[in-house]
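What follows is a single structure, written as structure tokens, with notes after it.
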Amino acid sequence: MSRYLGRRILTGILCIFVALCINFVIIHAAPGNPIRLLVGKDNPNPQMIAELTEKYGLDQPKIVQFGKYVGNLLKGDMGVSIYTNEPVSDMIIDRLAPTAMLALTAAVLAAIIGTALGIFCARRVGTKLDAIMGSVSYLFDSTPSFWLGLMLILIFASTLHVLPTSGMIDMRADNEGFAKVLDIMKHMILPVSALTLTLIPYYFRIARSSIIQVMGEDFITTLRATGMPEKRIFRKYIFRNAILPTITVFGIQMAYLVTGSAIVEIVFSWPGMGSFVMTAITRRDYPLLMGIYLVLSVSVAVMMIVVDVLYSALDPRISHESK
Amino acid sequence: MRLNKTLKIIKENTQLKVGCMMLVILFLAALLAPVIAPHNPNILSDDMVVAPNMKYWLGTDGLGRDILSMILYGARTSLVVGFTAAMIAGIIGTLLGGFAGYFGGRIDGVIGEMINIFMMMPTFFLILIVVALFGSGLFNVMVVIGLTTWVGNAKLMRAQAMSLRQRTFIKSAESIGESRMAILFKHIIPNGIFPIIANTTMGVAGAILTESSLAFLGLGDPNVISWGQIIQNGKSYLVDGWWMCVFAGLAIIFTVITFYLIGDGLNRVLSPKLRNLGKEVRG
């Protein structure tokens, strides 16, 4: 177990390093010069350009820049944004909470609803209802989340005027305390629905197929033969065995927590990482982009390892020593 | 006859049957777009933001372009991007997976680690950043999607090659002195390719979704008509011109379902064991 864990962590570190390299190469090989953007088009003062280039170290050899970048990262310094001059790490932390709030709510809701529907259909396998639910899951799986978001805005915000279209809080109301929490919740309904609806099909299909699979196993037949009540067989034996794949998917979903909801965030102007990336891209804010990509890579890598370890702890049948 | 056999398989599997019929419709729409499109999709007419009527079946956009014609031409973009990107991912995945699984040892160690690393990457963000910084030409979009989505194929092919290399016919080919390269390309890959074909079909759907997401974010090729772009432009007219977003989105859903159905159907037909694996989780 500990050997396996060590290997996974090594892979994780390697992955983060590769992400760092890709990050650096892409951003430095890209056409466009941030200094030009900063100085402006109207009066490109050569002295100012030279000074700024020196200040951000863009005149040094690439390898030196890379070394400096990694060195600073190890000290926990991600640099300052070229555009706003604020530390990148502070800017990212500000954006993480709203994203996590949105994505976590959606992931939990989707896991619960999807699994429940999957179990419901698995126990009615072959019926018309099961077939219909299967088709509906295909439909939602094929729906782009941004389009679903727009449709929700069209129906609930623009036509029915019951929910706000965008943002996280009502700027005009200036709510405090409980009223503010309610306000945020109201703003969350539409983006969370868009995310949840597109996530449900995964959980639905996985729960359904794994329950069907476990129900067909020999030991279930044996249990039935002993006369154990069907409810008990289900609760104690089928469910417990069949829920493992769902946990894995939930874990992977957790890993993509910060990245998965980006487009929906943009549709609803949610002040999270998604819209932040777009701003960083249009401003060609190199340090900020590198910081965002790094944070995302690290969070995905760490979560993947956590999921792997948790999973092997949960399911004793998986033995990594034999590999 | 082989064709008859194929047709029989398609007829017997509902998902494949429906999927193939939808695919034919899509191909016809894309191929015949210049013939069947009622208007030129690039002409800016004076009829701006017109609701669906007899002249413009699906209405017009903010610049007076006919939505139906744009959707028909958009099918070309989606199919080209989907197929090219999925093919790139399929070829890279098959080769890397085949090498790793068949040769084993150090090669497998290196490729296996590459697979693990790519599994952990937030690919959509990578695609987003590359396209945003290097330009959003259609070629760039296709290549970047292809280069970042091969992992699933490589894993499948690796597993296939690992199990195939234990089989007698491979052992006998080795014993009569066939070169390992020849065995890989003549026996291992042809015999293990089926799950990759099914997965690549799903990959077409994934690539089409990714392309439309990029176009929706304004990072699509500005010179071609694509469904995501129609939605991006229509977003500002959501209240006064719902038809722009609605129909282009339905076109995306139709196309993606087509490839999901075919991919799923192929999975069931080709390898009943894989039935529960389904499709890879989107990143």
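The values are calculated or read from the model by the stated rules, or taken from the named source; none is laboratory data. All values reported here derive from a predicted model rather than from experimental measurement. Virtual Cβ from ideal backbone geometry, glycine too; neighbours counted across all protein chains shown.
Table for the structure above
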| item | result |
| --- | --- |
| Helices (runs of 4 or more DSSP H) (entirely within the range A:1-70) containing at least 1 residues that are away from chain B (no Cβ under 12 Å) and under 26 Å from the mean Cα position of the chain (by Cα) | A:2-29 |
| Some residue of the range B:99-108 being of a type outside the set (A, V, I, L, M, F, W, C), assigned to a loop (DSSP other than H, G, I, E, B) and either closer than 30 Å to B:ARG167 by Cβ or at pLDDT 90 or above (or both) | yes |
| Only one of A:ILE16, A:ILE82, A:ILE26, A:ILE63 that is among the β-branched types (Val, Ile, Thr), at pLDDT 80 or above and surrounded by 13 or more Cβ atoms within 10 Å (Cβ to Cβ) | A:ILE16 |
| Residue match in the range A:117-137 (condition: over 23 Å from A:ASN241 (Cβ atoms), in contact with a Phe, Trp or Tyr (Cβ under 7 Å, 6 or more places away or on another chain) and within 11 Å of another protein chain (Cβ to nearest Cβ)) | no |
| Answer from B:LEU147, B:LEU128, B:LEU95 - the residue that is out of contact with any Asp or Glu (no Cβ under 9 Å at 6 or more places or on another chain) and crowded, with 21+ Cβ neighbours inside 10 Å | B:LEU128 |
| Test for A:MET101: is it among the aliphatic types (A, V, I, L, M) and either buried (at least 18 other Cβ atoms within 10 Å of the Cβ) or farther than 23 Å from A:ALA280 by Cα (or both) | no |
| Candidate set from the range A:115-146 (those that are part of a helix (DSSP H, G or I) and within 18 Å of the chain's Cα centre (by Cα)); member that is farthest from B:LEU261 (Cα to Cα) | A:PHE146 |
| Restricting the range B:150-164 to residues that are farther than 13 Å from B:THR200 by Cβ and of a type in the set (Gly, Ala, Ser), the residue that is surrounded by the fewest Cβ atoms within 10 Å (Cβ to Cβ) | B:SER163 |
| Residue check for B:PRO41: closer than 29 Å to B:TYR260 by Cβ and surrounded by fewer than 17 Cβ atoms within 10 Å (Cβ to Cβ) | no |
| Residue count for the range B:197-227, restricted to those that are within 8 Å of chain A (Cβ to nearest Cβ) and assigned to a helix (DSSP H, G or I) | 5 |
| Odd one out for A:ARG95 among (1) at pLDDT below 80; (2) under 33 Å from the mean Cα position of the chain (by Cα) | (1) |
| Which listed residue, of A:SER158, A:SER145, A:SER166, is among the hydroxyl-bearing types (Ser, Thr, Tyr) and modelled with pLDDT of 90 or more | A:SER145 |
| Those residues of the range B:239-259 which are surrounded by fewer than 24 Cβ atoms within 10 Å (Cβ to Cβ) and under 18 Å from A:VAL136 (Cβ atoms), in sequence order | B:LEU250, B:ILE253, B:PHE254, B:ILE257 |
| Cross-chain or 6+ apart pairs with Cβ under 8 Å, the range A:140-151 first and more than 7 Å from chain B (Cβ to nearest Cβ), then assigned to a helix (DSSP H, G or I) and of a type in the set (Ser, Thr, Tyr) | A:PHE140/A:THR198; A:SER145/A:THR198; A:LEU148/A:THR198 |
